[in-house]
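Asks: Attaching a single structure in structure tokens format; questions to follow.
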Amino acid sequence: MAKYELRASTDWGQWHAVLDEVYRNNPQYVYPLRGDIEGILSEKNAAFDGDNLRKWVVLREGTPVGRIAAFIDKARNEELDLPVGGIGFFESIESEEVAGLLFDAAENWLREAGMEAVDGPINFGERDKFWGLLVRGWYRPIYQETYNPPYYQAYFEGRGYRPHEQCLTMRGVVAEFPGDRLKKLAERVGERYGLYTKQITKDNLREGADHFAQAYNAAFNHWPYFKPLTGDDIYPTFQQMKPIMDPHLTCLAYNKEDRPIGLAGLIPDLNCFLPGMKGKMNWLELPRFLYRLKFQKQPRNCKGIAFGIAQDYQRMGVYPLMVSAMFHSGNKHTSRTYRYVDMATIRGHNKVMVDTCRQMNTDVHRVHLAYRKALTPDASWESFDQMDVSEVDPGVYGKKGE
């Protein structure tokens, strides 16, 4: 009988090595970039205050076979009536014993820290990445999207976790976007309301960051969990993205007073270029990545990372205005360059956004669930509405392809 040992995780090598055991011989899997994960689970993350994060690994005869992180986003909890902790980056071989050791460690620490409930699996920080458990749509994961074996769902639900928030990835074929119809509609919107668009380019990153933050705050200040952003928050991310940025995939919308009222941002899906690199972006792997980024024809997809429209402008055609601008930019560069577009982390309760995406010829391709579990007897809350996704193709776990 295997003997398992739970220990606090202080070694990034052990943390990342768990993936080798869980996803061995899975051609569908793409390792997340190690730098992304380490940036989230360390002092590099603005949500980390020095004592609100713990990590554990489980070893089997010295081999890492499971991991989990637990954290408390104190800034977000100030906006909530219920003290809620989070767990994320859970991975385990197919062993209820390993999973139980990890869940026990994380839940006990959160409970001792005064949390009354726990959400998971989620990201420590912003809600636009690594959010939810994959429960439908087993295909190659897109960049910064959670991917997991199907048996994880039974582990969460068997521990009393219940669906709390549904996150959708909606996919469309770029060349099948209704370009001509959008262009006519965009022209009418511009003429009627005086709205216009600009791209974010490598030469105007500072201004783009300021305007992006203004549009973001105007679009999301009425949503639960909202945290305002500034240009100073956004600018470092824009600088990091500069080597991979495609200006044809960016758009800001403005009203006739030149105030930012909408944002649309996509990036090339880096996971198209990362297979075989095992999450490493070092001096050995970087040349291979850059070569693929520049010359690889297929697969080459793009991922939506940010979409939002100020509440007062949500029924004035701003979304088709921005999509048309990106679709026609550079003599239809996007449809000539990218096959699929994936709109990630769209909440199932955001019916307006779901319907708008469907008007752009995209539909639900993958489904993630963020679960919540009570840690105290009196904890109560109201979960978000969910869409019926029973007709969404579940995909095939481990099958190579797009």
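Asks: Once label points are set 7 Å from the Cα along Cα→Cβ at both K399 and K183, what is their separation, rounded to one decimal in nm?
Replies: In this crude spin-label approximation the distance works out to 3.7 nm.
Asks: With label points built 7 Å along Cα→Cβ from the Cα atoms of S390 and D378, find their separation and express it in nm.
Replies: According to this spin-label approximation, the distance is 3.9 nm.
Asks: So, one more: Using a Gaussian network model on the chain with a 10 Å cutoff between Cα atoms, which of W56, W131, W12 fluctuates the most?
Replies: Among W56, W131, W12, the largest GNM mean-square fluctuation belongs to W12.
Asks: Another question, then. Mind checking the full-extension length gain between T201 and Q298? Use 0.36 nm per residue of separation minus the Cα-Cα distance, one decimal, nm.
Replies: Full extension of this stretch gives 32.5 nm more.
Asks: Can you tell me the relative contact order of the chain? Whole percent, Cα pairs under 8 Å, sequence separation 6 or more.
Replies: With pairs under 8 Å counted, the relative contact order is 25 percent.
Asks: Using Cα pairs under 8 angstrom and six or more residues apart, how large is the relative contact order of segment 178-360, in percent?
Replies: 28 percent
Asks: Once the piece of chain linking A75 and A175 is laid out straight, how much longer is it, given 0.36 nm per residue of separation minus the C-alpha distance between them?
Replies: 31.8 nm
Asks: Right, here's the next one. Show that you can apply the helix-only estimate: for the chain, add -39,500 (n - 2.57) for every DSSP H stretch of four or more residues, divide by all residues, and state [θ] at 222 nm to the nearest 500.
Replies: Mean residue ellipticity, 222 nm, calculated: -9500 deg cm²/dmol.
Asks: Sticking with this structure for a sec: With a ≥ b ≥ c taken as the square roots of the eigenvalues of the C-alpha gyration tensor of segment 308-402, please select rounded if a/c is under 1.5 and otherwise prolate if a/b is larger than b/c or oblate if it is not?
Replies: oblate
Asks: Another question about this same structure. Mind counting lysine pairs for me in segment 178-360? Cα separation below 21 Å, and the two need to be 8 or more apart along the chain or on different chains.
Replies: Step by step, the pairs that qualify in segment 178-360 add up to 27.
Asks: Could you check the simple spin-label distance between R24 and L82, using points 7 Å along Cα→Cβ, in nm with one decimal?
Replies: 3.9 nm
Asks: In a shell of Cβ-Cβ distance under 14 Å around R159, excluding R159 itself, what net charge do Lys and Arg (+1) and Asp and Glu (-1) give?
Replies: Charge balance in the 14 Å sphere: -2.
Asks: Same structure again: Taking N as the number of residues in the chain, what value does Rg over Cα atoms divided by 2.2 N^0.38 Å take?
Replies: Expressed relative to 2.2 N^0.38 Å, the Cα Rg reads 0.99.
Asks: Continuing with the same structure: If I stretch the segment between Q239 and A154 completely, what's the gain in nm (0.36 nm per residue apart, minus their alpha carbon distance), one decimal?
Replies: The span from Q239 to A154 would gain 26.5 nm if fully extended.
Each reported figure results from applying straightforward, stated rules to the coordinates on display, with no laboratory input. Predicted model, so just to flag it, every value in this text is computed and none were measured. Here Cβ is always computed from backbone atoms with ideal geometry, including for glycine, and neighbour counts include all displayed protein chains.
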